[in-house]
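Q: The structure is given below, and queries will be raised subsequently.
The values are calculated or read from the model by the stated rules, or taken from the named source; none is laboratory data. Here the structure is a predicted model, which is why all the values come from computation and not from measurement. In this analysis, Cβ positions are derived from the backbone assuming ideal geometry, glycine residues included, and neighbour counts consider all displayed protein chains.
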């Protein structure tokens, strides 16, 4: 299951999704809003998304993870809108019988989400400037 | 911080340990008691430990992780005593600015804990037999 | 042909508009990207960007048709 | 010399006792392991086991002294 959401990601609610007596490993990854990026102080950030395509790509990525790795389940959520320092931007959970497949699937999902979701991140710095991350243009 | 505990591991309580405005990645690993092992149905299991040496090795492993990887913090807890299917046997959390170091540290910690902690696992099967895992002797 | 182009993130800010209907005389999405990069002074490399036609991601050599609805995506940054 | 050996997990079950005081005429932990493997029919390879003397993990070539407190650990299985 993949989902984009505008409200705060609650790790506690997400953890309840996972339960399977065959499971021997459960791994979660959280991407968190840092207060720094390439030497600049980040105050907050905003994610803009094309929701329909991002959701369809997100679902595809999770399907690919299930096909490529011996896992029992996987789940990912990505935030949109305004996020504060410390907020969870992305949450990925994988459940498997064995840990190796579990680590690999988790890592695969975050790498794919980062390059394939139609989501853009704008960082707002404490000096009042802002920047689209990964774009070479700086907007003051 | 490393800790052995005889009572149930609560992931919720552990999550509260982690907060740092520099953090961009947070990864947790949970080793869970599976209902199967090498084709046999597991009913429950028991961990026996030499507590003092296990705790001292656990602390060393976490120190090594902090020295070897660019992380902001790490934490691990290992259960002892009788565990049911679905119980968390080991919980590892790592916090870092970037995800690569975070995955690597997390994986390092579980691999080291598995081979260095003075802990032994006895599996009890649904057919009434039991076995020390990793020991070649079967005890009925 | 007449097509509609919608811009996202830095493309929207540089173009100064969310979407526009334009008269297009090229063939592919790649042709469209090159044309719009000149018009709006986009500096992004095509290889780092994505394009969707009628809500489906397509390759840059996808041939456009009259009435198509194009979404122009600058380099993404999820996670 | 007189030493005390404490057994864990499968070693305790095979030896049929938790600990024992023994008279030891060898030198190293390795010598002790070989001797006890014969006495108690341990099948485990020394390389997969661990040994502690006076609560510190030591190498198998560690030399024992009278009164030492030895902990004999079969292959561990944490996680």
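Q: In segment D:46-79, how many are in contact with a strand residue (DSSP E or B) (Cβ under 9 Å, 6 or more places away or on another chain) and facing chain B (nearest Cβ under 9 Å)?
A: Going residue by residue through segment D:46-79, those that are in contact with a strand residue (DSSP E or B) (Cβ under 9 Å, 6 or more places away or on another chain) are D:49-55, D:57-79.
Now drop any that are not facing chain B (nearest Cβ under 9 Å), which leaves D:50, D:52, D:55, D:57, D:71, D:73-79.
Matching residues across segment D:46-79 total 12.
Q: Please verify whether residue A:2 is touching a helix residue (DSSP H, G or I) at 6+ places or on another chain (Cβ under 6 Å), at pLDDT 95 or above and under 17 Å from residue B:26 (Cα atoms), treating the condition exactly as stated.
A: Values: touching a helix residue (DSSP H, G or I) at 6+ places or on another chain (Cβ under 6 Å): yes; at pLDDT 95 or above: yes; under 17 Å from residue B:26 (Cα atoms): no.
Criteria not met by residue A:2.
Q: Would you mind finding the one in A:8, A:66 that is surrounded by fewer than 21 Cβ atoms within 10 Å (Cβ to Cβ) and more than 24 Å from residue A:98 (Cα to Cα)? Before you say what the answer is, go through the steps one by one.
A: Details: A:66 fails: more than 24 Å from residue A:98 (Cα to Cα).
Just a single option satisfies the conditions, and that option is A:8.
Q: How many residues, within segment D:35-56, are surrounded by fewer than 18 Cβ atoms within 10 Å (Cβ to Cβ), under 17 Å from residue B:119 (Cβ atoms) and without any contact (Cβ under 8 Å) to a residue 24 or more places away in the chain?
A: 1
Q: Only one of A:75, A:124 is at pLDDT 95 or above and under 13 Å from residue A:2 (Cα atoms). Can you tell me which? Break it down stepwise before answering.
A: Numbers: A:124 fails: under 13 Å from residue A:2 (Cα atoms).
Matching residue, one of A:75, A:124: A:75.
Q: Still on this structure: Within segment C:24-45, count every residue that is under 15 Å from residue C:14 (Cβ atoms) and more than 11 Å from chain A (Cβ to nearest Cβ).
A: If we filter segment C:24-45 for residues that are under 15 Å from residue C:14 (Cβ atoms), which is where we start, we get C:33, C:35-45.
Within this subset, residues satisfying the condition of being more than 11 Å from chain A (Cβ to nearest Cβ) are C:33, C:35-40.
Adding up the residues that qualify gives 7.
Q: Is it the case that some residue within segment A:77-90 is touching a helix residue (DSSP H, G or I) at 6+ places or on another chain (Cβ under 6 Å) and at the interface with chain C (Cβ under 10 Å from one of its Cβ atoms)?
A: From segment A:77-90, those touching a helix residue (DSSP H, G or I) at 6+ places or on another chain (Cβ under 6 Å) are none; that's our starting set.
Within segment A:77-90 (the criterion being touching a helix residue (DSSP H, G or I) at 6+ places or on another chain (Cβ under 6 Å) and at the interface with chain C (Cβ under 10 Å from one of its Cβ atoms)), the answer is no, since none of the residues qualifies.
Q: Which of the residues spanning segment B:76-92 are over 10 Å from the mean Cα position of the chain (by Cα) and surrounded by 19 or more Cβ atoms within 10 Å (Cβ to Cβ)? Spell out how you get there, then give the answer.
A: Step one: filter segment B:76-92 for residues over 10 Å from the mean Cα position of the chain (by Cα), giving B:80-87.
Once the filter is applied, which keeps residues that are over 10 Å from the mean Cα position of the chain (by Cα) and surrounded by 19 or more Cβ atoms within 10 Å (Cβ to Cβ), segment B:76-92 yields only B:83.
Q: I'd like the full set of residues that are without any contact (Cβ under 8 Å) to a residue 40 or more places away in the chain and either within 21 Å of residue A:22 (Cα to Cα) or touching a strand residue (DSSP E or B) at 6+ places or on another chain (Cβ under 7 Å) (or both), limited to segment A:50-91.
A: A:63, A:66, A:67, A:69, A:70, A:71, A:74, A:82, listed by residue number.
Q: Quick check on segment C:1-28: of everything there that is touching a residue at least 40 places away in the same chain (Cβ under 8 Å) and part of a loop (DSSP other than H, G, I, E, B), which residue is surrounded by the fewest Cβ atoms within 10 Å (Cβ to Cβ)?
A: Applying the first criterion (touching a residue at least 40 places away in the same chain (Cβ under 8 Å)) to segment C:1-28 yields C:1-11, C:24.
This time we only want the ones that are part of a loop (DSSP other than H, G, I, E, B), so: C:1, C:8, C:24.
Details: C:1: 13, C:8: 22, C:24: 18.
Checking each candidate, the answer is C:1.
Q: May I pose another question? Find the residue count for segment B:8-49, including only residues that are more than 7 Å from chain A (Cβ to nearest Cβ), over 25 Å from residue B:105 (Cα atoms) and touching a residue at least 24 places away in the same chain (Cβ under 8 Å).
A: So the answer is 9.
Q: Just checking, which of D:31, D:66 is surrounded by fewer than 18 Cβ atoms within 10 Å (Cβ to Cβ), at pLDDT 95 or above and in a loop (DSSP other than H, G, I, E, B)? Quick ask: steps written out before the conclusion?
A: Details: D:31 fails: in a loop (DSSP other than H, G, I, E, B).
Testing whether each residue is surrounded by fewer than 18 Cβ atoms within 10 Å (Cβ to Cβ), at pLDDT 95 or above and in a loop (DSSP other than H, G, I, E, B) leaves just D:66.
Q: Determine, yes or no, whether residue A:106 is within 14 Å of chain C (Cβ to nearest Cβ) and at positive phi. Reasoning before the result, please.
A: Values: within 14 Å of chain C (Cβ to nearest Cβ): yes; at positive phi: no.
Answer is no for this residue.
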